[in-house]
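Here's the structure we're looking at; comments come further down.
Only the coordinates and a few stated rules stand behind these numbers; no lab work does. Note that the coordinates shown come from a computational prediction; the quantities given were computed from them, not determined experimentally. When we count neighbours, we look across all protein chains shown, and the Cβ atoms used for this are built from the backbone with ideal geometry, even at glycine.
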Amino acid sequence: MTILSDTDYRSAGAVDGEAPALGVTVLPSNPASGDAPHQPRAIGKISRDDLLVAFGAAVSGLSMTWLLFGRITPLDGKAGFVVLLFVTFVATYALLVSLTNDGPAIVDKVMAVMLSAAGVLAGSALLWVVASTVWKGRQALFKPNLYLDDMSRAGPLEPLDVGGIAHALIGTIIIMSLALALTVPLGVTCAVFLNETRGRVTTFVRTIVTSMTALPSVLAGLFIFATFILILGFPRSGLAASIAVSIMMLPIIIRSGDVVLRLVPGNLREASAALGAPKWRTVWHVVLPTARSGLSTSVILGVARGIGETAPVLLTSGVGASSNLDPTKNPMMSLPLATYEFVRSPQPALVARGFATAAVLMIFVLVLFTLARVLGGRPAGRLSKHQARRAEARSKRDLERFELRLNGVKS
Amino acid sequence: MDTLTTLPALSRTDHQLPTRRVIEAQPGTGDRIFSGLMLISGLVVLAIMSAVGLFLAIKSIPALRRTGLSFFTTSQWQPSTGVFGVAAVIGFTISIAVIAVAIALPISLATSLFITEVAPTWLRSTLVAMVDLMAAVPSVVYGLWGARVMQIHAIGISRWLSTWLGWIPFFDVTGHDPSNPLSSLSVFSASSFIAGVVVSMMVMPIQCSVMREVFSQVPPGEREGAFALGSTRWGMIRVVSLPFGRGGIIGGTMLGLGRALGETIAVVLIISPRFDFSFNLLEAGSNSVSALIALRFSEASDFDLSALMAAGLTLFAMTLVVNFVASAFIAKSRSGASSEA
């Protein structure tokens, strides 16, 4: 018995209307088959129609706002213009969409526009902050003396060709290095402690560290000011500032380090223990190298937070105009503190310096942030190409060594 | 057949459970040093962190003993005469934080939904990086932008609000005459509203990243179920994402509130301090606990410092409560997403 499809049957020479020969089963043809391949419904795709409607709504919204603005509506200023533009745009868009859609589809499309508008708003706010900072500081930003000179010889009325923020650059680097020297060993060890031990002490330490992320930065400064400077009698200095900044950075490093260490696969730890390694060797040779990229990310995030802190440095180090290389005495400036000091003055030149300092600070943060992204992009234990090559070479050397010991000959 | 298999007699005839072998690990010297070191580091961190709180509490005793409970009802701040309290300062602090959260909440909620549901896939990681970068911008930069760039535009909004909605007590501004087009705009500058707008920029990314984290954990089965029942994307968000992420939304909002309460330098750069609280939020002048500390600590006597410490302690207690409630909400939410402040 043979099975033929409709087309086969026809091509087999049968004549229409004639009953098929006995013993042949005929499958009816599927009229739609081949014409429309099965396609999943695209949920998140933007069609040309949508784009055109949005574009049309934008154009008509803009022209309507142009007409209405300042004549009929009670709004003024650039902010008013933007608000009115958005309202007319959404109204026109809803109208256009309602011509071709109904009920829930209209709501869906209008809400999609509203959600996108929020994303655009957040992005443009960030852009506005960054661009206006660079723009307002442009006169001071591109002069080499900004980076090479300090403010010891430059009065408030001095032109921008004299004086700079070298003292704040030096201060930021010294304060952050000291803070790193304090926080990295302590923070990483404490994160390991939270991960490797269970018990009441661990839970308590974790609770306290979590609650310390709520500490307002000015209180960290006030604490160091009252203890280190007033009670212990040390002078206000870069060292005091770095301790205050450390108090802010420590909870951040510990908490994100804790999260990162938790991602280290448990079977790696077990494998190491099964090979007879004591706990400290497991941590030192397995856990920490596996979590290296994540740990550096958490340290960098801590630095990015600490480098922008103004209030603790203001309270503990104080304001100075000259470069200071000694962190144990005399005021030491940092970039955010210099920004704060410059813009408190009404002098336009000083304000321009303030914006330039803020722009330099932003560049620092941006570099740190990019570094954290690049390092933290990989999950725990995944190696970069270079690291993988090195690990491979190491394994090869180990193999040679083993074989040499076993056979007495080099393979 | 000369070999027979015999089963050994069961030794457990008396139904005794087998005793578990006790594994006794004898930690070596290295391990003992290591765990000692870990414990010490944990205790050092614990000591530092509790020292901050304890020290604030101890140092604020003299001031609190002098005023008693009137510390929380007095508005003035003159520690040298013994008349001081945080009523006005706390009022301003809370209103700035509430304004900031009120502005940031819709934007962060919509942005997090935009990132997880609406934005094309190739754009998502860029948007996440953008939000993280917003959180990393130092607050002094936001303060500078707020005071020197944004304020002019915000004053326009303030004037519009007080002209058209002035009958609502919050938007009323004494000294502003809507009928006089030449009336000075300085009555609107340095207000709680403008400080709140700037602080909202700092709060928004924190809230947004918590909410995004929660929304990205919505079970795909439930999303697809909603779509399979014919739901639109917004319908799916309304019935699946938002109820699922409710704990994260509340927790993230409160985390942002905690940050807004403690914000220092941006507020200092914008406000002009005053000590008479009013609900007219658009009016010139405002204050906050951290701004008070930052502006007053340098010329403070011992007793003044104790008063500032008491104010700081009040603030710390508030942020602590807000943060604990926030993490409780986040931990209790169905997703149980970890909060990363």
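Which distance in Å, rounded to a whole number, links the C-alpha centroids of the stretch A:196-260 and the stretch B:34-82?
About 13 Å separates the Cα centre of the stretch A:196-260 from the one of the stretch B:34-82.
Mind ranking A:95-103, B:151-159, A:309-317 by how tightly packed they are, going by the mean number of other C-beta atoms within 10 angstrom, highest first?
Sorting A:95-103, B:151-159, A:309-317 by mean packing, highest first, produces A:309-317, B:151-159, A:95-103.
For A:K385, give me every one of the lysines with a C-alpha distance below 26 angstrom, ignoring sequence neighbours fewer than eight places off in its own chain.
Of all the lysines, those that pass the test against A:K385 - Cα under 26 Å, at least 8 places apart if same chain - are A:K396.
Which value at 222 nm does chain B reach when only helices count, each DSSP H run of 4 or more adding -39,500 (n - 2.57), with the total divided by all residues and rounded to the nearest 500 deg cm²/dmol?
Roughly -19500 deg cm²/dmol at 222 nm, from the helical runs in chain B.
Quick one: Cα convex hull volume of chain B, Å³ per residue?
323 Å³
Using just the alpha carbons, could you tell me how many Å³ per residue the convex hull of the protein assembly as shown encloses?
Normalising the Cα hull of the protein assembly as shown by residue number yields 354 Å³.
How charged is the neighbourhood of A:W284? Take every other residue with its Cβ under 13 Å from the Cβ of A:W284, and add Lys/Arg as +1 and Asp/Glu as -1.
Local net charge: +2.
Near A:A244, within a Cβ-to-Cβ distance under 14 Å, what is the net charge of the other residues, with Lys and Arg +1 and Asp and Glu -1? Walk me through the numbers on the way to the answer.
On the way: positive: A:R236, A:R305; negative: A:E309.
Spelling it out: positives minus negatives among the neighbours equals +1.
Collect residues whose amide H, placed 1.01 Å from N in the peptide plane, falls under 5 Å from the amide H of B:S286; neighbours closer than 5 in sequence don't count.
Residues meeting the amide H criterion: B:S272, B:R274.
Just to be sure I understand: if I project the alpha-carbon convex hull of the stretch B:273-316 onto a plane and average over all orientations, what area do I get in nm²?
Mean projected area of the Cα convex hull: 3.5 nm².
Ordered by residue, what ³J(HN,Hα) values in Hz, to whole numbers, does the stretch A:249-255 give under the Karplus form 6.51 cos²θ - 1.76 cosθ + 1.60, where θ = phi - 60° and Gly and Pro are x?
For the stretch A:249-255, the Karplus curve yields 7, 4, x, 5, 5, 5, 5 Hz.
Evaluate the distance, in nm, between pseudo-label points positioned 7 Å from the Cα of B:V321 and of B:A25 along their respective Cα→Cβ axes.
Output for this residue pair reads 4.3 nm.
Among residues other than A:A179 whose Cβ falls under 12 Å from its Cβ, what is the net charge (Lys/Arg +1, Asp/Glu -1)?
Summing Lys and Arg as +1 and Asp and Glu as -1 gives 0.
Return, for the Cα atoms of the stretch A:255-411, the radius of gyration and Dmax in Å, separated by a comma.
Just the Cα atoms of the stretch A:255-411 yield Rg and Dmax of 24.1, 82 Å.
How high is the relative contact order of the stretch A:67-161, given as a whole-number percent (alpha carbon pairs under 8 Å, six or more residues apart)?
14 percent
Starting at 0 and stepping by 10 Å, how many percent of the alpha carbon pairs of chain A end up in each bin?
4, 14, 16, 15, 17, 14, 9, 5, 3, 2, 1, 0
Any lysines with Cα under 30 Å of the A:K109 Cα? List them, leaving off those in the same chain fewer than 8 positions away.
List returned: A:K45, A:K78.
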